[in-house]
Structure formats: C-alpha cells, structure tokens
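Comments concern the structure below.
The values are calculated or read from the model by the stated rules, or taken from the named source; none is laboratory data. The model shown is predicted, which means the values in this text are computed figures rather than measured ones. Quick reminder, even Gly has a Cβ in these numbers, built from the backbone with ideal geometry, and neighbours come from all protein chains shown. These accessible areas exclude ligands, DNA and RNA; they are computed on the full protein's heavy atoms, side chains included. Shrake-Rupley method; radii C 1.70, N 1.55, O 1.52, S 1.80 Å.
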Amino acid sequence: MHSPSEPGSAPSERSLRWATWLDTNRVRVLAVSVVLVLLCGWLSSRLPVYGDFSWLLPPDAKSVRDLRALQQRVSSLGTLLIAVESDDAALRTRTAEQVARRLRTIDPKLVASVAADDAKAREFRWQNRFLFAPLADLQSAHDALSSRITEAKLKSNPLYVSFEDEDEAPAPKKDAKKQGADKGSDDKGSDDKASGDAPDTRIEELRTRMRDAEKKAHESAGLVSKDGKMQLLIVRTPFASSEVRLSRELMSAVRKAVQEACAEVGPGCSAPQVQDGPVAKAAAGPTVTVGLAGDVANGQAEQKSILSGMLLATVLTIVLVGLGLFAYYRSVRGVGALLWTLTVGTLLTFALTKLTIGHLNLATAFLSAIVVGNGINFGIVLLARYFEELRAGRPDLDALAHALGGTLKGTATAGLTAAVAYGSLIVTQFRGFRHFGIIGGMGMVACWVATYTVLPALLAVARRRGMHPRGEPKSGQALAKLYPSRTAPVALVSLALLLVSVLGAVLYLAHDPLERDFRNVRSSSAEILAIRDWLDKVDRGFGRGISGGMVIALPTQEAATQVAARLRAHDAGKQDQEKLFSRISTLEDQLPTDQPQKLALLQDIRSQMLQGAAASELSDEDRRLLLPPEGLRALTTQDVPVELAWPYTERDGTRGRIVLAGVGLHYNTWLAEDLRSFVNDFRKIDVQGAQVGGSTFVFADLLDSMNTDGPRATVASMVGATLVVLLMLGFSRHATITLLASLLGTTMMLWLCAVMGIKVNFLDFVALPITIGIGIDYAANLAARHQQTGESPRQLLSTVGGAVFLCSYTTIVGYGSLLISENQGLRSFGGAAILGEFTCLAAALGAVPALLTRLTASRR
C-alpha cells in the first residue's frame with residue numbers, strides 16, 4: 001500500500017476526475033460561492049432570536065399550547081414596572097407624575113394601560129358606595145331609622161304614654177361631632193355592637209364614615225410603598241414579553257419619557273443618561289432614582305444579552321480559529337481558503353435555518369460559534385493532506401486528487417457521526433434541542449460539502465498564485481516524539497482506564513446528576529442583575545405578585561366563578577404558609593357582595609327617609625351622603641371601569657372569563673422540588689377546559705422533558721454513531737477501536753463531571769450525545785488513515801495527529817466561546833463540552849495508535 005509520501009502511487013480515477021473538474025471550473029465554483037455568501041448572509045441576518053424559555057418546548061406541550069392560546073385571548077400580556085425612589089416625598093411625587101404623563105402618550109401598540117394610582121378604583125367605589133357598604137352597616141342604619149320613625153310616630157300620638165322611670169335623669173346629649181369622633185373608626189358596623197347603640201348615634205357614625213370615604217375617594221395619591229420612599233408606575237403591554245422588537249421599542253420610549261420628565265422637574269431631578277445599553281437603573285438626580293423591572297424589562301435584557309454574546313462569541317471564535325490555523329499551516333493563502341470555505345458552509349447553514357425553522361432560541365443562538373469550531377475540521381484534514389502530498393513532490397493536480405481521495409472516508413465518517421450526534425437530538429420532545437440538532441446536522445453537512453467543492457477550487461487558484469507548503473507541522477512531530485516507543489503498556493492502561501471511567505460514569509448517572517436550582521441557568525449581566533435588584537425592592541415595598549403569577553382562562557364566566565371557588569376552597573382554613581395560592585381574583589371580585597339583600601334594604605331605607613317628618617329633617621348633606629338614589633340596581637361586570645377590568649378583559653372585549661392567581665408564598669419555584677410540588681398539587685384541582693399560562697408550568701414541562709429526552713438522545717447518538725462507523729470502516733478492528741476510543745472519551749467526561757460536581761441542566765444535557773459524535777471524529781480519522789497506510793503510531797501522529805489536534809483546538813474554541821455568555825446554563829454547556837473534547841482527544845491520540853498497533857501485531 002502506497003503512503004502519501006510515495007510519489008509513485010497514482011490517485012484513484014474518481015478522485016482524479018473530481019479534482020480535474022474542480023480545477024477546470026474553479027472560477028465558476030468561486031463565483032457561485034460569492035453569490036451564496038451574499039444571499040445566505042442576507043437570509044441569516046433576518047433570523048430572529050427568542051430568549052423565552054417557552055421556545056425550548058415543543059409546540060404541542062400543554063404549557064406552550066395554553067400560553068399561545070392565552071396570547072391570542074388576553075389583551076395585556078407583559079408588565080413593566082417603573083419605580084421612583086426618594087426620601088423627598090414631594091420630589092418623588094412630582095417626578096412620578098411627570099413620568100406617568102409621558103407614558104400615557106406612548107403608542108397604544110406598545111402600552112395597553114398605565115397605572116399610577118388607584119383613583120379609578122376609589123372613584124368607582126364612591127359612586128356605588130351604598131352597594132359597597134357592608135351589609136351589617138346597612139342593616140344597622142335601617143334599624144336606626146326604623147326606631148326613629150317608630151318613636152316619632154308614637155310621640156305624635158296623644159294617647160301615647162311613656163312607662164320609663166321619670167326619676168331617672170336623661171343622659172346628656174353629646175355634641176354630634178364629638179360623638180362621631182368618640183366612636184371613630186373602631187366600630188366596623190358589626191351587628192352585635194351596633195344593636196346596642198342609640199339610633200342617633202348609629203346614624204351619626206354612618207354620616208362620619210361617609211364623609212371619610214368621600215374624602216379618600218377624591219384624594220390624589222400614587223402607588224406608594226409601605227415605607228413611603230418608593231412610588232410605582234405599572235405599564236401593561238398588549239404584547240408578550242417575548243416579542244423582541246416591540247419590547248425594544250417600548251424600553252426605548254420609556255427611557256426617553258424618564259429623561260424628558262427629569263428635565264421638566266428641574267434642579268431636583270437630572271435627566272438619566274440611559275440609552276439602549278446595559279443599564280436598567282438610572283440616577284434621575286441627587287435625591288431621586290428611577291429603576292425598571294418586570295418581565296418586559298427582563299425579557300429585553302435577556303434578548304440583548306443573547307445577541308451581544310452571540311456576536312462576540314462568533315467573532316472571537318473566528319479570530320482564535322484563524323490564529324490557530326495560521327500557526328499550524330503558516331500559509332496566508334491556505335488559511336484564507338479555509339476561512340472562506342467555512343464562511344460558505346456557516347452562512348448556508350443559517351440560511352437553511354431561516355427557511356426551515358425560522359428562528360433561533362436560547363439553546364441555538366450560539367450555534368454559529370459551534371458550527372465554526374466543528375465545521376472547519378473537514379477542511380483542516382483536507383488541507384493538511386494536500387500540503388503533505390505537495391511536500392512529497394506530487395504535481396498539483398495529483399496532490400489535490402490524492403488529498404480528496406485520501407481524506408474522503410475519514411472526514412465522511414467524522415462528518416456523518418457528527419451529523420448523527422446532532423441529529424440524535426431530533427428524537428427529543430425538547431424543541432430547543434431538536435432545533436439544535438437540525439441546525440447542527442445541517443451545519444456539518446453544509447461544511448463538509450463546501451470542503452469538497454469550494455476549498456479544492458480555492459486551493460487550485462491559490463496554488464497558481466504562489467501558495468506553497470511550509471515544512472511539516474511541528475505539532476505532529478511533537479506528538480510523535482512524546483509517544484512511548486512501547487505500545488503494550490499504553491494499550492493496557494487505556495483498557496484499564498476504560499473500565500474505571502465506565503464505573504465512574506454509571507455512578508454519576510445513578511446519583512441524580514440533574515441541576516435542581518433553576519437560578520443556575522439564568523443570565524447574570526449587569527442589566528439583568530439591576531432589574532432583579534429593583535424587583536426585590538418592589539416586592540419588599542408592595543408585596544409579591546405585582547408582576548408575574550398565572551392566568552387561568554375559562555370558556556364562560558360561570559366556569560371562571562366555579563374554578564375560582566374551587567381554588568379558594570382548596571386553601572380554606574389554612575395558614576398563609578400552607579396555602580397553594582398567594583392570591584386569587586376574578587372580575588366579580590370588583591363588584592359588591594350580597595347585592596340583592598343590600599338593594600332590598602336600601603330601597604326600604606330610602607322610603608323611610610323620605611316619609612313624613614324624617615324627610616323634612618334631612619339636610620342637604622344627608623341627602624347627598626345618606627339618601628340612597630332612586631333606581632339603584634345590581635352592578636354587573638360590564639359596569640366595572642376599564643381601568644379595573646383590563647386584567648380580566650380579552651382582546652375581543654369579552655369580560656369575566658379569566659382568573660388570576662399567584663403561587664403560594666412558601667414555594668420557591670426556582671427549585672425543582674418546589675416547582676414540581678406546586679404543579680402536581682395544582683393539577684389535582686378540577687380546572688377542566690381551562691387554559692393556564694405561567695412560567696411555572698413552562699419550567700415544569702422543561703423538567704419533564706429533560707428527564708426523558710436526555711437518555712433518549714444519548715441512546716440515539718450511540719446507535720447512530722456506531723452504525724456510521726461500521727458503514728464507513730466496515731466490521732473491522734479499525735471500527736472496533738474507533739468505538740472503544742469514543743466510549744473511553746465520553747465515559748471519562750462523565751466521570752470527571754462527577755469529580756468536579758458539574759450538574760446537568762436543560763441547556764447542557766446535550767453535551768453528552770454531541771460528545772459521542774464529535775469525539776468519534778478524531779479516532780475515525782486516525783483509524784481511516786491506518787486502514788489506508790498501516791503506519792506506525794508515531795507516523796500516524798506525525799501525519800494526521802497534528803491535524804486531529806488542530807481540529808480539537810478549533811472545536812474547543814467554538815465551545816469555549818460559550819464561556820463568555822452571560823447565561824449560566826450556556827456557560828455550563830460550554831464547560832461540559834470542552835471537558836468532553838479533552839477526554840475524546842486524549843483517547844484518540846493516546847489509545848487509538850497503541851490499540852491499532854497491538855491488534856495488528858496480534859493478527860499477524
């Protein structure tokens with residue numbers, strides 16, 4: 001068998017025909033590649049990125065189905081909290097008023113409502129004060145009036161004789177105002193206490209309370225925290241927080257409104273220097289601070305973090321890969337040809353993504369860097385073989401043909417196993433990683449095709465322009481020198497290490513390797529941390545639940561009432577720390593209770609107050625405060641003002657079919673155990689026909705998917721990679737050793753994860769199935785080369801070993817770019833994948849040459 005360094009061997013006829021065609025049509029091939037780069041670049045630039053976790057789940061998951069259905073029904077889906085904090089109450093109020101006034105001028109497509117105070121609620125209750133009055137108070141007033149009228153009627157009767165003790169001095173009559181002050185607000189209108197009071201006392205008390213209620217109804221007061229230092233503005237949006245473009249427009253408009261408000265307030269408030277950069281907290285002056293929080297602010301910050309991280313990771317990967325290639329090949333034209341080929345394959349990948357999937361998500365956003373790091377491996381092997389053939393003295397066309405034919409099997413095996421590894425994710429229900437698998441698989445195929453079409457044409461052009469190889473790469477020579485001369489100990493150590501790592505991997509998987517704290521998969525940019533800080537302040541000042549919670553939409557208003565009753569019944573009689581829900585509300589909660597009984601009493605009260613002497617004694621104030629108006633009727637959900645009804649109003653105007661609820665205060669839904677406990681308890685309650693939306697249910701489905709899809713993807717990757725290796729290398733010792741090396745690399749990775757305490761989360765659980773496929777790359781190239789040439793271990797390492805090492809370097813750079821991500825889950829993914837790269841590279845360069853030599857010697 002001829003080695004590549006032997007000039008006498010001739011390339012295969014098929015390889016020579018393909019090399020000749022590419023050389024002849026090199027200009028046409030390059031022209032097509034330019035057109036592809038321009039077209040695919042334009043398509044790729046139009047790919048949206050969705051940072052919402054719901055985009056990681058399959059569209060048929062119940063939480064996603066319900067969420068999308070709610071987005072079509074509910075008129076307001078996002079919340080933006082604007083907190084104005086200051087020790088100066090006057091400055092705080094003035095700043096908040098100016099901000100609120102400008103918020104109300106923002107385009108309605110961005111702002112559904114602005115809540116700056118509860119004035120509308122107080123006005124609504126005052127306008128309908130008789131129906132909102134406690135039933136006990138109305139009964140007391142009714143009894144008092146009845147007593148007065150009865151007494152007046154008796155006294156007007158000449159036959160009336162009082163049987164009271166005349167010797168008893170009458171109680172002194174208190175001044176009415178003083179009497180009311182003495183009673184104050186301690187009397188809540190209970191039947192027991194009211195029944196013992198004199199009629200005049202009860203009426204005066206009611207009069208006083210009505211005056212207080214009127215005063216409060218017309219007070220101008222914002223939403224102020226318990227300590228009086230923070231004032232809150234709540235902006236509700238007609239779009240979901242996952243709507244990237246609209247969220248970005250709203251955040252820009254809000255920041256502009258804050259700047260303009262501070263300019264209007266004057267010296268006490270300086271305009272915050274807030275642009276669309278990573279700042280969510282702005283100093284609005286020496287004594288007032290403005291902060292942003294809520295799901296819209298957080299979603300937009302997550303989106304910005306993903307995009308900036310994706311761009312930085314891609315640029316960094318390209319730069320580091322380019323430097324590594326130049327250090328290895330020391331040829332500007334050769335490296336330029338490689339990078340252009342990679343550009344074609346990468347842009348083609350994401351253009352196909354735009355045409356097939358249509359978007360990127362939290363899991364696939366960084367695939368550009370990974371495709372760059374993995375996809376260039378085929379070109380590295382081809383270019384290394386081409387330079388090797390040129391150094392051996394072959395003519396240009398023969399060298400190209402030998403390089404194409406000599407690397408085809410190894411790179412095809414590596415490419416197919418990598419594509420299968422990515423493709424194994426398609427069998428999962430986890431939409432984020434199903435897309436990850438589709439895009440990664442397309443990337444491997446696109447880069448391999450570009451390597452065997454565009455790269456040879458570029459090499460033909462570069463050779464005519466003076467490209468020539470330098471001396472043999474030093475990395476391969478260094479690997480050859482370091483390799484032991486005796487292969488038997490290396491083979492034995494490799495097999496022993498395989499047994500130990502398999503045992504370590506089994507123990508790791510058996511002892512619950514899953515991450516249970518979802519806070520460890522969140523982003524941690526400065527902006528996101530500032531948003532969380534402001535949300536914590538809002539929670540402390542106003543209580544939990546202003547932002548977030550769950551929405552339960554029912555088919556009818558009656559069904560909503562029944563479901564709300566079931567939810568309340570579940571928590572009836574429990575302490576706050578035992579309740580499943582922190583709050584439950586419906587539109588009917590905005591209406592008075594006991595309306596039929598109250599209307600009957602009010603009608604009787606009105607008739608009593610307007611009859612005989614009672615009517616003449618009524619002052620104008622009493623008529624305004626105490627006299628029930630004529631024509632009172634029961635209020636319905638249609639009477640509730642828009643400002644109060646919007647959370648329960650759907651896009652088509654239908655009201656009352658929505659129930660709002662919050663998770664119980666003792667649940668920490670960032671913890672898997674608490675989340676699963678809440679979801680399980682909730683699903684035991686009969687809410688059939690309900691559409692339930694909330695991040696809690698999305699995370700629960702993510703957890704279920706991770707538990708089932710991780711093993712499924714791993715098995716699919718193992719089976720697919722094994723079939724590809726057997727197909728390409730045959731049922732031979734080369735295929736066996738390739739699979740053993742892959743098993744050693746992946747089990748060592750799991751063993752080290754156990755030692756280092758690395759947990760598996762729903763962003764990094766695909767590191768294992770991908771490592772299985774990518775790890776075979778290195779062993780497959782070494783085995784394929786040995787199958788062709790029968791070289792010794794040191795020869796293998798000197799020739800293809802350096803290229804394999806460079807392939808691993810570029811892949812590590814691609815995964816390493818994830819370490820700069822501000823998302824902790826993606827950083828974990830990058831770390832686990834890099835660990836797998838090291839173990840698979842060590843298995844390939846250490847175990848494969850020794851095992852091939854020992855098995856070859858044994859066969860001989």
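In whole Hz, what ³J(HN,Hα) sequence does the stretch 493-501 give by Karplus (6.51, -1.76, 1.60; θ = phi - 60°), x for Gly and Pro?
Couplings: 4, 4, 5, 5, 5, 4, 5, 5, 5 Hz.
Run the dipole for the stretch 462-587 about the Cα centre, Lys and Arg Cβ at +1, Asp and Glu Cβ at -1, nothing else charged, and hand back the magnitude in debye, nearest 20.
980
Filter the trypsin sites (Lys or Arg not before Pro) in the stretch 74-108 down to the DSSP loop ones having no more than 14 other Cβ atoms within 10 Å, then list what survives.
Arg104
Return the whole-Å distance between the Cα centroid of the stretch 563-600 and the Cα centroid of the stretch 443-493.
Centre-to-centre distance over Cα atoms comes out at 72 Å.
Roughly speaking, to the nearest percent, how much of the stretch 381-474's 1.4 Å accessible area is carbon and sulfur?
60
Over the stretch 14-114, with a single point scatterer placed on each C-alpha, what log10 of the ratio I(q)/I(0) does the Debye formula yield at q = 0.25 1/Å?
-1.24
Please provide three numbers in whole Å: the alpha-carbon extents of the stretch 294-379 along the principal axes, with the largest listed first.
Sorted from largest, the Cα extents of the stretch 294-379 read 53, 26, 15 Å.
Using protein chains only and a probe of 1.4 angstrom, how many square angstrom of Glu264 are accessible, to the nearest 10?
In the full protein context, Glu264 sits at about 110 Å².
Which entries of Lys120/Lys215; Lys537/Lys574; Lys109/Lys354; Lys579/Lys684; Lys62/Lys579; Lys216/Lys598 have Cα-Cα distances beyond 18 Å here?
Correct reply: Lys537/Lys574; Lys109/Lys354; Lys62/Lys579; Lys216/Lys598.
With only Lys, Arg, Asp and Glu charged, each at its Cβ (+1 for the first two, -1 for the last two), find how big the charge dipole of the stretch 444-496 is about the Cα centre; round to the nearest 20 debye.
Result for the stretch 444-496 is approximately 260 debye, rounded to the nearest 20.
Might you work out the accessible area of Trp21 for me, using a 1.4 Å probe with all protein chains in place, and round it to the nearest 10 Å²?
130
Please list 3J(HN,Hα) in residue order for the stretch 512-521, calculated via the Karplus relation 6.51 cos²θ - 1.76 cosθ + 1.60 where θ = phi - 60°; whole Hz, with x for glycine and proline.
In residue order, the calculated couplings are 6, x, 7, 6, 9, 10, 6, 5, 7, 10 Hz.
Are there trypsin sites (Lys or Arg not before Pro) in the stretch 434-538 that DSSP puts in a loop and that have at most 14 other Cβ atoms within 10 Å, and which ones?
Arg465, Arg470, Arg486
For Phe239, list long-range residues whose amide hydrogen, built 1.01 Å from N in the peptide plane, is under 5 Å from its own amide hydrogen.
So Phe239 has HN proximity to Leu77, Gly78.
May I ask you to list the trypsin sites (Lys or Arg not before Pro) in the stretch 675-776 that are in a DSSP loop and have at most 10 other Cβ atoms within 10 Å of their Cβ?
Lys684
Which whole-Hz ³J(HN,Hα) couplings does the stretch 119-134 yield from phi under the Karplus relation 6.51 cos²θ - 1.76 cosθ + 1.60, θ = phi - 60°, glycine and proline marked x?
With the stated coefficients, the stretch 119-134 comes to 4, 5, 5, 5, 5, 4, 5, 5, 4, 10, 5, 5, 7, 7, 4, x Hz.
For a paramagnetic label modelled at 7 Å from the Cα of Val332 toward its Cβ, which residues of the stretch 464-502 fall within the zone defined by backbone nitrogen distances under 17 Å?
The answer is 464-470.
Using the Cα centre as the reference, give the magnitude of the dipole from point charges on the C-beta atoms of the stretch 670-739 (Lys, Arg: +1; Asp, Glu: -1; all else neutral), rounded to the nearest 20 debye.
Its charge dipole is roughly 400 debye.
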